[in-house]
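The next block holds one structure in the form of structure tokens; read it before the comments.
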Amino acid sequence: MTSKLDRLNEWVADVARLTRPAVIHWCDGSDAESAALREQMLADGTLIELNQQTHPGSYLHRSHPDDVARVEHLTFVCTPEREDAGPNNHWMAPADAHARIDALFDGCMQGRTMYVIPYCMGPIDSPLSRCGVEITDSPYVVANMRIMTRMGVPALARIEREGSFVKGLHSIGELDPERRLIMHFPEELAIKSYGSGYGGNALLGKKCHALRIASHQARQEGWLAEHMLILGIENPQGQTHYIAAAFPSACGKTNLAMLIPPEGYRRDGWKVWTIGDDICWMRPGADGRLYAINPEAGFFGVAPGTSAKSNANALASIQSNTIFTNVGITADQQPWWEGIDNGLAPVTDWRGEPFDSAKRPAAHPNSRFTVSAKQCPSYSDMAEDAQGVPISAIVFGGRRASLVPLVFEARDWTHGVLVGAAMGSETTAAATGAVGVMRRDPMAMKPFCGYNFADYFGHWLSFDQPGAQLPKVFHVNWFRKGENGKFLWPGFGDNLRVLEWMIQRVEGRAAATETPIGHLPTADDLNLDGVALSDEARETLFGFEHAGWQAEFAGIGEYLAEYGPRLPQALLDEQRRIAAALA
Ligand code: SAT
Ligand code: MN
């Protein structure tokens with residue numbers, strides 16, 4: 001008798017023949033399985049027990065010091081035609097890619113256990129969710145996948161029902177940067193990742209599946225897989241608007257998703273609800289609106305800078321049952337990072353050496369916490385809703401020290417797609433390479449779009465159909481700096497002031513000024529009660545620098561030209577229209 005699991009069983013057998021593990025373990029996701037894995041990892045040093053009085057159920061993992069971030073230069077999209085991967089991806093022909101990486105996988109699991117992890121991205125009963133299976137030789141990956149996805153028996157049951165799943169093969173190999181590759185095969189719905197145990201390189205449900213492979217599937221099936229947080233804003237009347245916002249890695253998505261309203265707003269009854277902090281899958285509903293789910297079940301958040309002041313919800317979430325990766329520890333084994341601001345001091349740094357501030361920070365700048373979303377005080381019940389939440393506004397944002405104002409609104413959908421496509425941001429520690437260099441990062445998807453950006457922009461444009469009730473599109477910049485190099489906007493909870501203006505725009509209740517780059521508020525259009533802004537801050541955050549934008553649009557034009565004739569004409573026309581208005 002054939003079963004819908006035959007394909008899965010055959011693949012697992014093929015992988016075992018190639019990698020030759022000592023043992024094969026099918027993960028059921030149970031507490032007993034998790035406890036046994038934890039004991040094993042504590043025994044072999046993969047996990048270090050943290051203070052169980054202050055942080056029950058929490059552990060520290062120290063990754064290999066050369067394996068602390070995503071490796072974009074070793075990440076490939078392997079489509080039959082190079083053009084389908086586009087200039088935004090590193091490309092290799094599928095046959096060559098398989099041959100190269102299979103040579104690394106050959107015999108790599110000898111003496112190791114091979115874990116088979118069935119998982120579901122998204123609520124287990126949602127039509128928007130998609131399943132995958134990750135095969136890995138890393139128990140640390142299993143522990144993280146158990147937090148980040150719906151993993152185990154229910155996922156396997158859905159795979160058996162549907163018969164289809166994304167195949168992800170992973171081995172830590174030798175953790176040698178010279179023998180490290182992350183390959184994607186969108187046509188085969190397959191991922192192969194070798195030589196890294198870290199985050200987006202190894203937790204294949206996350207960036208590899210939920211963005212690179214899913215973006216390809218989404219294009220075929222008429223939905224969007226985006227690098228966006230999702231939050232709900234409930235006004236004092238009890239109405240909730242949902243906003244999806246794209247920012248590059250390590251630009252504050254987790255903080256924005258868990259925002260705590262400023263004092264005055266809290267008093268008036270405003271509430272913010274967290275749906276997701278990193279990835280958003282959206283598709284049009286019967287009413288023409290875009291409905292979104294968070295495909296993840298946990299947060300893999302940046303630790304440094306997380307404090308009671310910057311993100312009290314995150315801090316509350318990670319008091320228990322959390323895996324910390326590459327943070328420092330205090331004398332009594334509590335996790336510690338720069339900016340935690342809790343009066344404690346680190347004694348051991350992320351490499352396990354005595355802390356010496358002259359040598360290195362206590363926590364790696366890309367150190368992380370992994371925790372179940374259910375532990376977040378602001379986690380929304382709607383995050384488990386099978387239909388998803390209707391999106392009122394889409395926000396694009398980058399880290400821009402100059403030029404870009406605090407907020408502006410796109411005139412219409414096509415302009416909004418251009419605003420997303422033209423996004424620029426200064427690089428962060430979330431990927432290896434230089435930090436602080438301005439690069440174009442369309443929709444914050446530069447490292448994550450599984451196909452040619454030109455086609456991706458076309459896909460975005462295609463949602464503008466008769467009957468569509470599309471969200472309004474905005475651009476924000478929380479990172480504008482003044483003459484003295486300091487941030488001009490307080491950020492964090494005060495960002496709600498900007499989000500409130502957006503909601504009022506959606507409801508047709510707020511003013512704005514028309515400029516060539518879109519609708520800009522003046523300082524008077526926002527509720528700034530209780531924020532002390534200097535004259536410089538007011539002018540800079542709400543100003544429009546004509547000459548600077550002329551140069552910016554010339555740069556955007558050059559950038560878009562890199563995509564050649566595949567670029568949608570409507571996007572080019574929009575760019576030219578604005579450049580002409582600026583001339
Ligand atoms: O390493 S991850 O991709 O999981 C985190 C990030 O860079 O956004
Ligand atoms: Mn991310």
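Values as computed for the structure displayed
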quantity: Which listed residue is away from ligand 1 (no atom under 16 Å from the Cβ) and more than 19 Å from PHE479 (Cα to Cα), from THR432, THR414; calculated: THR414
quantity: Residue match in region 402-425 (condition: more than 21 Å from PRO516 (Cα to Cα) and either more than 23 Å from the chain's Cα centre (by Cα) or of a type in the set (A, V, I, L, M, F, W, C) (or both)); calculated: no
quantity: Any chance TRP337 is surrounded by 24 or more Cβ atoms within 10 Å (Cβ to Cβ), away from ligand 2 (no atom under 16 Å from the Cβ), in contact (Cβ under 8 Å) with a residue 12 or more places away in the chain and more than 25 Å from MET445 (Cβ to Cβ); calculated: yes
quantity: Strands (runs of 3 or more DSSP E) contained in region 346-415 and holding at least 2 residues among the β-branched types (Val, Ile, Thr), touching a strand residue (DSSP E or B) at 6+ places or on another chain (Cβ under 8 Å) and in the same structural domain as VAL506 (by TED's automatic domain parsing); calculated: 389-397
quantity: Filter result for ARG283 (away from ligand 2 (no atom under 16 Å from the Cβ) and either surrounded by 24 or more Cβ atoms within 10 Å (Cβ to Cβ) or not in a strand (DSSP E or B) (or both)); calculated: no
quantity: Count of residues meeting criterion [among the β-branched types (Val, Ile, Thr), under 20 Å from CYS208 (Cβ atoms) and surrounded by fewer than 24 Cβ atoms within 10 Å (Cβ to Cβ)] in region 102-132; calculated: 1
quantity: Of the criteria (1) out of contact with any strand residue (DSSP E or B) (no Cβ under 9 Å at 6 or more places or on another chain); (2) in a strand (DSSP E or B), which one GLU174 fails; calculated: (2)
quantity: Search result, residues across region 210-247 that are over 15 Å from GLY276 (Cα atoms) and within 16 Å of ligand 1 (Cβ to nearest atom); calculated: ARG212, ILE213, ALA214, SER215
quantity: Complete set of residues in region 58-74 that are more than 25 Å from ASP44 (Cα to Cα) and away from ligand 1 (no atom under 11 Å from the Cβ); calculated: HIS73, LEU74
quantity: Condition check for GLY195: under 20 Å from PRO295 (Cβ atoms), outside the structural domain of TRP270 (by TED's automatic domain parsing) and within 16 Å of ligand 1 (Cβ to nearest atom); calculated: no
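The values are calculated or read from the model by the stated rules, or taken from the named source; none is laboratory data. All values derive from a computational prediction rather than experimental measurement. Glycine also receives a Cβ, built like all others from the backbone with ideal geometry; neighbour counts cover every protein chain displayed.
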